[in-house]
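This report refers to the structure that appears directly beneath it.
The values are calculated or read from the model by the stated rules, or taken from the named source; none is laboratory data. Predicted, not measured: the structure shown is a model, and the values here were computed from it. Please note: Cβ atoms are built from the backbone with ideal geometry, for glycine as well, and neighbour counts cover all protein chains shown.
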Amino acid sequence: MSMLSPGATDPEMLFTVADGIARVVFNRPRAMNAFTYAMYDRLVEICEAVNADPAIRVMLLSGAGGQAFAAGTDISQFRNMSGRDDALAYEEHMDRVFSTLETCRVPTIAVITGAVTGGGAAIASCCDIRIASADMRFGFPIARTLGNCLSVRTIERVVALIGEARTRQILYSSELMDADQALAAGFVTQILPDHAALEARAEALAARIAQNAPLTLSATKEALARLRAGPAKPGADDDLILRCYLSDDFREGMEAFLAKRKPRFRGQ
């Protein structure tokens, strides 16, 4: 196992890589893994490091301590917010963080235990896949707590996952969805009975994805991003098609299939 350090070592944001799998752990369990500004910046640095390392095929994100994936932004970070520029700068910065995670080169998996609220819910919403333990609680209780609001871009992501009606309900009421509700709504794709089962499933899923063709994964992720931006137009995917069909990996996949052996994909 190797430790990558795109920035200074930060005990509140653990980042390790092994066997093509990057693992990010939000490590403030006493604060329900609430994010500081430095942690948001560190997440951007990690995504940039992952983008620069072709050996990384998938990224897992989780929270330490078992009580929370992440419970939003640490409220103490808002104490120095005093005016118009501070408010707009904060949301602009958050959008950069969330967009960087959302567009990370590799598939991302949010491994959710306990609370996934506020900024933590926004982070999970930017991931490609979300799986959770039965004790998860999801939502944005800001109408009951801080009295701030979500950016339009964050609301758009949530609507894309659970629909407008459910988004209205959880934002207006500040109620949190439990695991069964989150699964029914489509926020998560799988619920595991306990933390041990969740961790095992996350590792198995990441290992399976890491073995698959990187160009197929990246083309799929890019295609889905383009669909979110608007209806597909003829020829809009030519670059993705050519990138895959003209690759060494496609040739390797064909030869491996015909030889009845496991393909050795290199992302080229």
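If you go through the range 44-62 one residue at a time, do you hit one that is in a helix (DSSP H, G or I) and of a type in the set (S, T, N, Q)? Looking through the range 44-62, at least one residue is in a helix (DSSP H, G or I) and of a type in the set (S, T, N, Q).
Among all positions in the range 62-80, there is no residue which is modelled with pLDDT of 95 or more and of a type in the set (K, R). Taking the numbered list (1) closer than 25 Å to I21 by Cα; (2) out of contact with any helix residue (DSSP H, G or I) (no Cβ under 8 Å at 6 or more places or on another chain); (3) at pLDDT below 90; (4) of a type in the set (G, A, S) in turn, G267 passes all entries but (2).
For the range 178-200, the criterion of being in the same structural domain as A22 (by TED's automatic domain parsing), among the hydroxyl-bearing types (S, T, Y) and within 27 Å of T100 (Cα to Cα) is met by at least one residue.
With respect to (1) under 25 Å from D128 (Cβ atoms); (2) touching a residue at least 60 places away in the same chain (Cβ under 8 Å), the lone exception for V24 is condition (2).
Scan the range 63-102 for residues that are outside any loop (DSSP other than H, G, I, E, B) and closer than 15 Å to L146 by Cβ and the total you get is 10.
The condition of being hydrophobic (A, V, I, L, M, F, W, C), at pLDDT below 95 and out of contact with any helix residue (DSSP H, G or I) (no Cβ under 6 Å at 6 or more places or on another chain) holds for only one of A8, A18, that being A8.
The residues in the range 214-252 that are in a helix (DSSP H, G or I) and not hydrophobic (A, V, I, L, M, F, W, C) can be counted, and the count is 16.
Among the residues of the range 100-113, at least one is in contact with a His (Cβ under 9 Å, 6 or more places away or on another chain) and surrounded by 23 or more Cβ atoms within 10 Å (Cβ to Cβ).
Please tell me if K262 is part of a helix (DSSP H, G or I), closer than 27 Å to A55 by Cβ and basic (K, R). No. Give me the pairs: first residue in the range 127-143 and within 17 Å of S62 (Cα to Cα) and part of a loop (DSSP other than H, G, I, E, B), second residue modelled with pLDDT of 95 or more and of a type in the set (D, E, K, R), beta-carbon distance under 9 Å, and six or more apart or on different chains, which are they? Sorted first by the residue in the range 127-143, then by its partner, the pairs are C127/E102; D128/E102; A134/D178; A134/D180; A134/D194; D135/D178; D135/D194; M136/D178.
Within the range 28-43, the set of residues being crowded, with 23+ Cβ neighbours inside 10 Å, assigned to a loop (DSSP other than H, G, I, E, B) and not small (G, A, S) comprises just one member, N33. For first residues located in the range 244-268 and at positive phi, partners that are assigned to a helix (DSSP H, G or I) and charged (D, E, K, R) and lie 6+ apart or on another chain with Cβ distances below 7 Å form the pairs G267/D249. In the range 161-177, the residues that are under 8 Å from G139 (Cα atoms) reach residues that are among the polar types (S, T, N, Q) with C-beta atoms within less than 8 angstrom, at least six apart or across chains, in these pairs: S174/T145; E175/Q169; L176/T117. Please work out if E199 is surrounded by fewer than 18 Cβ atoms within 10 Å (Cβ to Cβ), without any contact (Cβ under 8 Å) to a residue 60 or more places away in the chain and within 30 Å of P263 (Cα to Cα). So E199 fails the test.
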